[in-house]
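*Asks:* The following block contains the structure, expressed as structure tokens.
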Amino acid sequence: MKKMSKKIKVAELFAGVGGFRVGLNRVESDIGKFEIVWSNQWEPGTKTQHASAVYEKIFGSNGHSNEDIAKVLTTNIPDHNLLVGGFPCQDYSVARTLSHAAGLEGKKGVLWWSIHRILKEKGVKAPSFLMLENVDRLLKSPASQRGRDFAVMLASLSDLGYAVEWRVINAAEYGMPQRRRRVYIMGYKTNTKIFKQKQKDGAFKWLTESGITAKVFPIQKPNESKINIFEITGTLEEITKDFNKNTSNSPFETSGMMINRKIWTFKAIPDYKGKIAKLKDFLEPNNKIPKEYFIDENSLETWEYLKGGKKQKRTTSSGFEYEYSEGPMAFPDSLDKPSRTIVTGEGGPTPSRFKHVIKIGKKYRRLLPVELERLNMFDDNHTIGVSDVKRAFFMGNALVVGIVTKLGEELIKRI
């Protein structure tokens, strides 16, 4: 007799245009499947909620919330087994100078506490599993106390009864089409089978071989002596005030786990031997490129200047003079490598240092929204219906959904 498959109920926070949902929907398993029972998307400061509209167009409005998550009552969120979300990262983003990044104290950073509130108020009905995503800068913010924000998050999750593993994953290093580095955080309640297996295997084996992330994103096995072990102590207020005040480096490396506030962490080196994606394999045919996406010869010099290395004298508002420098960027972008990271300012014809520019024959052009969607592994035209600039913005905010699928495939085997 065929075993009945189980539905894993999922709540998706900070949903954007549904990257987590797309990734989990692609998980194919006889054991069970993921079912999004509730989602929330709210962009503060904008009257028209474009991302939420795209989400509803694709997935329907049933169970979808388009209101400020800080104002949503926990009692209005259905019980679920797995909570997922790429919680807003502007305050940690590499697009900002680290010294100006406000971390958990910033307008976006405080939204971490919405996740915390939901987990806390759900109490015994809190989800057993977490899958979260953020920029890798999170591991070392803010500049004044490297790693403090992540320490506060880990300690708060531990106090709520979760064990955690994390890994910084560059999607391109595992055969996906974009060089996008993000930290993926998996959490497990201490009463789950996964937690018990984690304890049994021990930190080294779990992080390098048997753990969920290690199974689908293998790494070279490090020398066990390279693992940094320490504890996060004190109240959340004390951690906020005193964590890592006297050193210039974050104690959190690109791979790690936490049990009962005890940390094991080390630098992970990918061990992938499969095919490497190439940007040229995700492009539209030349005869389908609208004229406005080709770069006018008159602006080509500006593009070249912005992409090039430069040194400039600059003066602060207080009169302090300094030399600003930046290295050259590839121009045009290589067609034989995975793409660079898509940024939120990818759209529009204005010359920019960070936008992708490719050369086909003798012509230079920008990337189409559908090509950006492919580089994040969405279906073609997932975001169609809004302006091209908005579509590009959404992809700059999105994740590479193939990573979510891989993590989901392994997670469902263990539940």
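*Asks:* Within the stretch 253-299, count every residue that is within 24 Å of the chain's Cα centre (by Cα) and among the acidic types (Asp, Glu).
*Replies:* Count: 3.
*Asks:* If you don't mind, another one. If we only count strands (runs of 3 or more DSSP E) wholly inside the stretch 314-380, which ones have 2 or more residues that are among the basic types (Lys, Arg)?
*Replies:* 363-365
*Asks:* Search the stretch 70-105 for residues being of a type in the set (Gly, Ala, Ser) and assigned to a helix (DSSP H, G or I), and hand back the single one that is modelled with the lowest pLDDT. Spell out how you get there, then give the answer.
*Replies:* First, the residues of the stretch 70-105 that are of a type in the set (Gly, Ala, Ser): 70, 85-86, 93, 95, 99, 101-103.
From what is left, the residues that are assigned to a helix (DSSP H, G or I) are 70, 99, 103.
Details: Ala70: 90, Ser99: 44, Gly103: 47.
Within the stretch 70-105, the match that is modelled with the lowest pLDDT is Ser99.
*Asks:* Another question, then. Scan Glu373, Glu321 and give me the residue that is over 19 Å from the mean Cα position of the chain (by Cα) and of a type outside the set (Ser, Thr, Tyr).
*Replies:* Result of the check over Glu373, Glu321: Glu321.
*Asks:* Please enumerate the residues belonging to the stretch 1-34 that are charged (D, E, K, R) and either surrounded by fewer than 16 Cβ atoms within 10 Å (Cβ to Cβ) or in contact with a Leu (Cβ under 9 Å, 6 or more places away or on another chain) (or both).
*Replies:* Lys2, Lys3, Lys6, Lys7, Lys9, Glu12, Glu28, Asp30, Lys33
*Asks:* Right, something else. Got a number for residues in the stretch 2-60 being at positive phi and without any contact (Cβ under 8 Å) to a residue 40 or more places away in the chain?
*Replies:* Within the stretch 2-60, residues that are at positive phi and without any contact (Cβ under 8 Å) to a residue 40 or more places away in the chain number 2.
The values are calculated or read from the model by the stated rules, or taken from the named source; none is laboratory data. Small disclaimer: the values here were computed from a predicted structure and weren't measured. Note that we place each Cβ from the backbone using ideal geometry, even for glycine, and neighbour counts take in every protein chain shown.
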